[in-house]
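Throughout, read-outs are computed from the coordinates displayed, never taken from laboratory work. Since this is a predicted model, take the numbers as computed values, not measurements. FYI the Cβ positions are ideal-geometry reconstructions off the backbone, even for glycines, and counts take in every protein chain you see.
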Amino acid sequence: MKMLLLVYVVCIASAFSAKLPDYLKRCDLKDPKLNDCLIDHANQAIPVLVKGDPSIGIPVLSPLTIPKVELSGERFTVTLTDVLFDNFKDMVVTESELDLPNNKYWFVLGCKYLNFTADYTLKDGQILTRTLSGDGRLEMSLMDNIMRYSSSMARYAKDDQTYLKSTESTLTLKSDRMYFNFENLWSDDDDGQDIAEFLQENWKVLQTKVLPGLEILIKEKIDAVMTAVQENSSIEESFIGYS
């Protein structure tokens with residue numbers, strides 16, 4: 001999920017110094033509307049960032065390809081290869097709060113649609129009373145998506161500058177609806193109901209199997225980007241009004 005490289009850059013790094021491109025605008029820490037500034041600048045930057053920017057290490061985010069990923073839930077593991085994601089260009093930062101005195105930060109990112117296709121392999125995955133297996137093409141759509149990322153940080157000194165380092169982070173992903181199309185999916189538990197119909201009726205159960213893996217993947221990408229950016233940009237360089 002390299003697409004969420006943009007999360008730290010468009011929110012906190014939208015307040016970064018002139019070392020970063022002009023479309024990443026700075027915000028003043030002393031501005032009483034600091035969080036509004038971060039949100040506005042982030043949303044201005046997203047359409048540019050999703051196209052990729054090698055000058056600051058941002059890959060193409062929309063569309064995004066992932067060679068292999070494994071999504072695991074209770075008694076359910078599906079392996080995906082040649083994953084293609086799209087619609088990240090439609091992401092919108094809806095909420096954000098930077099609490100620099102307490103070294104904390106969180107944001108909410110929304111996206112109407114998250115669609116992906118992949119080749120999948122599933123063996124003996126348990127959904128309620130049915131055991132499912134198969135391999136083939138998978139199409140999945142997540143609707144009305146909300147992601148909330150929270151980070152606790154610590155400060156340290158280097159070269160007479162003050163830097164931030166993430167010490168703990170969490171991420172939650174919520175989707176109001178999910179649609180699935182698994183090719184060549186079969187079940188030994190023949191209860192007379194079509195498998196596709198069964199999955200659509202029980203999409204919330206399948207959602208609980210898939211979302212934890214997505215949350216882990218997204219958080220790992222954000223964590224990696226935050227570490228890289230924080231190590232190379234001090235607070236003094238990153239913000240207006242820091243003292």
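Points worth noting:
- Ranked 53, 124, criterion: other C-beta atoms within 10 Å, fewest first: 124, 53
- If you wrap the tightest convex hull around every Cα atom of the chain and split its volume per residue, you get 115 Å³.
- Taken as Cα centroids, region 136-153 and region 42-112 sit 8 Å apart, rounded to the nearest whole angstrom.
- Among the listed pairs 104/158; 104/221; 104/204; 51/123; 112/221; 30/51, those beyond 28 Å (Cα-Cα): 104/204; 51/123; 30/51
- Residues considered: 102, 87, 35. Largest GNM mean-square fluctuation over the chain, using C-alpha springs under 10 Å, is found at 102.
- Taking 38, 171, 84 as the candidate residues, the one with maximal mean-square fluctuation in a Gaussian network model of the chain, Cα springs under 10 Å, is 84.
- Sorted by Cβ neighbour density within 10 Å, fewest at the top, the residues 27, 37: 37, 27
- Student exercise, region 115-156 dipole from Lys, Arg, Asp, Glu Cβ charges, in Debye to nearest 20: 260
- Of all aspartates and glutamates in the structure, those lying under 17 Å Cα to Cα from residue 219, and not within fewer than 8 positions of it along the same chain, are 70, 168.
- FRET efficiency for residue 129 and residue 180, using Cβ-Cβ distance with R0 set to 22 Å, rounded to 0.05: 0.75
- The distance linking region 200-218 with region 21-39 is 35 Å (Cα centroid to Cα centroid, whole angstrom).
- With θ taken as phi - 60° and the Karplus curve 6.51 cos²θ - 1.76 cosθ + 1.60 applied, the whole-hertz 3J(HN,Hα) list for region 43-57 is 5, 5, 7, 3, x, 7, 5, 5, 7, x, 8, x, 5, 10, x Hz, x standing for glycine and proline.
- Residue 136 long-range amide H proximity, modeled H, under 5 Å: 120
- Amide H contacts of residue 60 (H built 1.01 Å from N, in plane; Pro and chain starts excluded): no residue 5 or more places away or on another chain comes under 5 Å.
- Positive-end extreme of charge dipole, region 2-238 - chosen from 32, 210, 73 (charges on Cβ): 32
- J(HN,Hα) series, region 125-136, from Karplus relation 6.51 cos²θ - 1.76 cosθ + 1.60, nearest Hz, glycine and proline x: x, 9, 10, 6, 8, 10, 10, 10, 9, x, 7, x
- Point-to-point label distance, residue 90-residue 167, nm (Cα→Cβ direction, 7 Å offset): 4.0
- In order along region 23-39, the phi-based Karplus estimate (6.51 cos²θ - 1.76 cosθ + 1.60, θ = phi - 60°) of 3J(HN,Hα) comes to 6, 9, 8, 7, 10, 8, 4, 8, 6, x, 10, 4, 5, 5, 4, 4, 5 Hz; Gly and Pro are listed as x.
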